[in-house]
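The values are calculated or read from the model by the stated rules, or taken from the named source; none is laboratory data. This one's a predicted model, so the numbers in the text were calculated from it and none came from an experiment. Backbone-built Cβ (ideal geometry, glycine too); neighbour counts: all protein chains shown. The protein model used for the area step is the full one, side chains on, heavy atoms only, and it has no ligands, DNA or RNA in it. Shrake-Rupley method; radii C 1.70, N 1.55, O 1.52, S 1.80 Å.
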Amino acid sequence: MRAVVLSAPGQPLEVRDASEPTAPSGGSVVDVLACGICHSDLHAAAGDYPTTLPVILGHEVAAMHPLLGPVLVYACWGCRQPGCWACESGQEMICPNATEAGLFRDGGYAERLAVPDDRYLVPLGNLDPAHAAPLACGGLTAYRAVDHTLSTLHDAASPRALVIGAGGLGQFGLQWLKMRSDAAVTVVDASAEKREVALQLGADAVAAPGEVEGTFTAVIDFVGAEATLVTARDHVHRQGVVVVVGLYGGTIPFGFGTVPHEARFMTSIWGSLDQMHDMVALAQEHRLHSPIEVIGLDDVPAAHERLHSGDVSGRFVIVPGVTA
Ligand SMILES: [Zn+2]
Ligand SMILES: [Zn+2]
């Protein structure tokens, strides 16, 4: 089959023939209908994550299963070993011995994909596979981050949420917040274009960095730089919650006198299989905005270059068989 293969970190991705995957016991080989390109794929290609090479990247996969029909693939596969507290509690995305698709196992930049367990396949129903593919990581990551804020928002008399960063994940986060809470949502982004998109998606207010006013019950930082963490700290209400999702790598001091009293600061990573089921059900009920640019397998190396330079407005989605 055709696939996009990472053979050496920092080297261009190779579009070439790869061996056909075989169905593992309890799992399936599925035909890839669409695979989103996630920003973390760039880190994987650069060799920032330890893995065994060669590997086929891609963890945002919508696929066709012979019996289930179109499915979204839950890709944060844990070790699934007896005694693993993370896997046994349904939180495979924080399994210390993860085996996720597109990093530790071959992923979706290909015509076909082996899935180790059929319970990782979530039927898509009426959702369009190409638009739904980014839900598998971008959508799910934002969904879990919003989950962490809901009890705090529900307890507040006048809940207010601040979304930092209006790129792909921030746009999902804003939409999940509006669907799942009564919070008034402010979105902060340096780009006037993205602030306009946020207003179209239902933001109650937008602000440029440095122009945020007041305090917020919950803050979700989809950037994770030092400057955005400072914004989160300066604008979270006492007893509020700050959820950091972005992998920019910023840090701020933590302790008495440096953060508002009893505010909680936490990171959030990807999402659970249960959350993926809930998210897909929610997406089926609502009109979700998820801008994409469809490309073929041959276009993936160039798409990675364009992502490096920031030259993209929505998510790149690979549809095998599409030619440029
Ligand atoms: Zn991802
Ligand atoms: Zn595990």
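Structure summary
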read-out	value
Test: residue in the stretch 174-184 that is in a strand (DSSP E or B) and in the same structural domain as Leu247 (by TED's automatic domain parsing)	yes
Any hit, the stretch 11-30, residues being within 15 Å of ligand 1 (Cβ to nearest atom) and surrounded by 14 or more Cβ atoms within 10 Å (Cβ to Cβ)	no
Qualifying residue in the stretch 189-201 (condition: open to solvent by less than 40 Å² (accessible area, probe 1.4 Å), closer than 23 Å to Ser151 by Cβ, part of a loop (DSSP other than H, G, I, E, B) and in the same structural domain as Arg144 (by TED's automatic domain parsing))	no
Contacts under 6 angstrom Cβ, first residue in the stretch 186-207 being among the small types (Gly, Ala, Ser), partner surrounded by 14 or more Cβ atoms within 10 Å (Cβ to Cβ) and in a strand (DSSP E or B), 6 or more apart	Ala198/Val187; Ala198/Val206; Ala203/Val185; Ala203/Val187; Ala205/Thr186; Ala207/Val188
Tabulated pairs, the stretch 225-245, first in contact (Cβ under 8 Å) with a residue 24 or more places away in the chain, second surrounded by fewer than 19 Cβ atoms within 10 Å (Cβ to Cβ) and part of a helix (DSSP H, G or I), C-beta under 6 angstrom, 6+ apart or interchain	Val243/His148
Total residues in the stretch 37-72, condition farther than 24 Å from Gly249 by Cα and in contact with a Gly (Cβ under 7 Å, 6 or more places away or on another chain)	2
Among (1) crowded, with 16+ Cβ neighbours inside 10 Å; (2) more than 21 Å from Lys194 (Cα to Cα), the one test that Val317 misses	(2)
Any hit, the stretch 99-113, residues being open to solvent by less than 20 Å² (accessible area, probe 1.4 Å), more than 15 Å from ligand 1 (Cβ to nearest atom) and over 15 Å from Ser272 (Cα atoms)	yes
Count of residues meeting criterion [within 15 Å of ligand 1 (Cβ to nearest atom) and more than 21 Å from the chain's Cα centre (by Cα)] in the stretch 64-98	0
Qualifying residue in the stretch 78-97 (condition: more than 16 Å from ligand 2 (Cβ to nearest atom), among the charged types (D, E, K, R), in contact with an Asp or Glu (Cβ under 8 Å, 6 or more places away or on another chain) and open to solvent by 60 Å² or more (accessible area, probe 1.4 Å))	no
Breaking point among (1) closer than 21 Å to Leu174 by Cα; (2) under 22 Å from the mean Cα position of the chain (by Cα); (3) at pLDDT 95 or above, for Arg233	(2)
Test: residue in the stretch 128-136 that is without any contact (Cβ under 8 Å) to a residue 40 or more places away in the chain, surrounded by fewer than 22 Cβ atoms within 10 Å (Cβ to Cβ) and farther than 27 Å from Ile295 by Cα	no
Close pairs (6 angstrom Cβ cut-off, 6 or more residues apart or separate chains): within 16 Å of ligand 2 (Cβ to nearest atom) in the stretch 270-286, in a helix (DSSP H, G or I) anywhere	Trp270/Met93; Trp270/Thr141; Gly271/Leu140; Gly271/Tyr143; Gly271/Arg144
Test set (1) hydroxyl-bearing (Ser, Thr, Tyr); (2) within 16 Å of ligand 1 (Cβ to nearest atom); (3) more than 19 Å from His286 (Cβ to Cβ) - Thr152 fails condition number	(2)
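For (1) of a type in the set (A, V, I, L, M); (2) more than 16 Å from ligand 2 (Cβ to nearest atom); (3) under 22 Å from the mean Cα position of the chain (by Cα); (4) modelled with pLDDT of 95 or more, each residue gets a yes or a no:
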site	(1), (2), (3), (4)
Gly10	no, yes, no, no
Thr22	no, yes, no, yes
Ser28	no, yes, no, yes
Leu33	yes, yes, yes, yes
Leu42	yes, yes, yes, no
Gly47	no, yes, yes, no
Leu53	yes, yes, no, no
Ile56	yes, yes, yes, yes
Val61	yes, yes, yes, yes
